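What follows is a set of notes on a single structure, which appears directly below.
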Amino acid sequence: MAAPDRGGPAVKVVHAPDPVLSRVSKKVDPLDPGVTELAEAMVAIMRAAPGCVGLAAPQVGVSAQLFVADVTGHPKAVTVHGLIVLANAELAEASRWKSGREGCLSVPDLTGDVKRASRVVVIGDVPGTGERLTITTDAFEARALQHEIDHCNGLLFLDRVSSAHGVYQRQVYL
């Protein structure tokens, strides 16, 4: 597992068209200490980026089925589970499809309209313990989890936009 070394080079976000963002990531051993270290670094990056609610390992250049998400305090959040850290996550159920605007740290200049399930069941492994966790959620948190699972499967939100008319320059607010 390629994880940041303590005192080593800082983990940083990679941008499209970096090839790691378009590859299906490898499953990981949730008991590997490197997976836990990588997750900790990803949480720090996510929390340091204004408006960021999730980050997947491919976004920091690591081809691993690992992501972190936290929609706490986001105005669009309805159901909130707090910090979610999952390895080898799968979308087990999806329903109530709705279109919504998405952005991404790896595509910093664009946003896009993406149709996603607004009710999902996600199953994955908790790094550090290996516990199998099932999360049932909806609305914005469901969108965030699907976005991060897509990253682990080599997809960007741009791959889900229905047409070029659904892509926009990111607005910068002062």
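Only one item in [x] 21, 20, 17; [y] 26, 18, 14; [z] 24, 19, 15 matches semi-axes √(5λ) of the Cα gyration tensor in Å derived from the coordinates shown, and that item is [z]. Computed on the chain, with alpha-carbon pairs under 8 angstrom and 6+ residues apart, the relative contact order is 25 percent.
Relative contact order for region 62-152: 33 percent, from Cα pairs under 8 Å spaced at least 6 residues apart, divided by residue count.
Let me make sure I get this right: for region 93-167, a, b and c are the square roots of the gyration tensor eigenvalues over alpha carbons, sorted descending. Under 1.5 in a/c it's rounded, otherwise prolate if a/b > b/c, else oblate. Which is it? Oblate shape, in that a/c is at least 1.5 and b/c is the bigger or equal ratio.
Summing +1 for each Lys or Arg and -1 for each Asp or Glu among the other residues whose beta-carbon sits under 12 angstrom from that of Val167 gives -1.
In region 127-174, Rg over Rh equals 1.11, where Rg is the alpha-carbon radius of gyration and Rh the Kirkwood radius from pairwise Cα distances.
Per residue, the chain exposes 51 Å² of solvent-accessible protein surface, assessed with a 1.4 angstrom probe and all protein chains in place.
Which order do the peptides 61-69, 137-145, 30-38 come out in when sorted by mean C-beta neighbours inside 10 angstrom, highest first? Please list the in-between numbers first.
Working: 61-69: 24.9, 137-145: 23.0, 30-38: 18.8.
Taking the mean over residues of other Cβ atoms within 10 Å, the ranking is 61-69, 137-145, 30-38.
Using a 1.4 Å probe on the protein chains only, how many percent of the accessible area of the chain belongs to carbon and sulfur? Carbon and sulfur together cover 54 percent of it. Pair-distance distribution of region 61-130: all C-alpha pairs, bin width 5 Å, starting at 0; shares per bin in whole percent are 3, 12, 16, 25, 26, 13, 3, 0.
The values are calculated or read from the model by the stated rules, or taken from the named source; none is laboratory data. Please read these numbers as outputs of a predicted model, since none were measured by experiment. Cβ: placed from backbone, ideal geometry, glycine included. Neighbour counts: every protein chain shown. Each accessible area value is taken on the protein alone, full model and side chains, heavy atoms only, with ligands, DNA and RNA left out. Shrake-Rupley method; radii C 1.70, N 1.55, O 1.52, S 1.80 Å.
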